[in-house]
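**Q** Please see the structure below; I have some questions.
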Amino acid sequence: MTADQSMKPWTVPVALGERSYTIHIEPGCLGRAGELMAARIPPGPCLVISDTTVARLHGETVLASLRRLGRPVTLASFPAGEASKSPGELGRLWEACAAARLDRDGTVVALGGGVVGDLAGFVAATWMRGVGFVQVPTSLLAMVDSAVGGKTG
């Protein structure tokens with residue numbers, strides 16, 4: 001039996017009153033990402049933001065899970081690495097928000113960690129007040145970064 005097979009799903013409630021949310025930890029749950037976030041995100045379009053490496057590995061799985069919610073879903077990716085935290089990439093991602101028709105009923109989904117979470121979070125914080133934002137980390141390091149980062153606005 002592998003570690004992934006023996007690990008049971010965990011949910012960790014984060015009690016913040018009106019801003020409360022739940023953290024889901026489960027091996028292989030990317031295919032259920034849409035289902036896990038459905039009750040917590042606005043009903044509009046979703047823009048998944050990722051770097052090209054993570055998008056290649058996991059993008060289609062997460063896009064398919066979000067499409068099952070019946071919402072328009074778009075993927076925007078950028079080159080991996082700190083150099084992508086730039087005004088140029090920010091502008092390109094704002095253009096992706098416009099092309100995806102992301103409004104206050106929409107959600108930005110950060111697929112990955114580190115630079116992905118930082119850049120996608122900043123896009124959500126500066127695109128339009130009220131846009132939903134969800135972190136979908138893809139590694140243990142990305143989970144820790146998502147949990148303690150939060151430096152997006």
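Since every read-out is calculated from the coordinates, none of them should be taken as a lab result. Please read these numbers as outputs of a predicted model, since none were measured by experiment. Using ideal geometry, Cβ is built from the backbone for each residue, glycine included, and neighbour counts are taken over all protein chains shown.
**Q** Tilt of helix 87-99 relative to the longest C-alpha principal axis of the chain, in degrees (0 to 90, nearest 10)?
**A** On a 0 to 90 degree scale, this one is about 80.
**Q** Testing the spin-label approximation: label points 7 Å from Cα along Cα→Cβ at K8 and A83. State their distance in nm.
**A** Taking the two extended label points, one gets 4.7 nm.
**Q** Could you estimate the translational diffusion coefficient of the chain from the Stokes-Einstein equation, with Rh from the Kirkwood formula over C-alpha pairs, at 20 °C and 1.002 mPa s, in whole µm²/s? Before the final figure, lay out the partial values.
**A** Numbers: Rh = 15.6 Å.
The calculation lands on 138 µm²/s.
**Q** Going by amide H atoms built from the backbone, whose H comes under 5 Å of the H on F78, apart from near neighbours?
**A** For F78, the qualifying residues are S50, D51, T52.
**Q** Continuing with this model, one more query. If you take the C-alpha gyration tensor of segment 21-86, multiply each eigenvalue by 5 and take the square root, what semi-axes do you get, largest first, in whole Å? Walk me through the numbers on the way to the answer.
**A** On the way: eigenvalues 92, 40, 29 Å².
Values for segment 21-86, descending: 21, 14, 12 Å.
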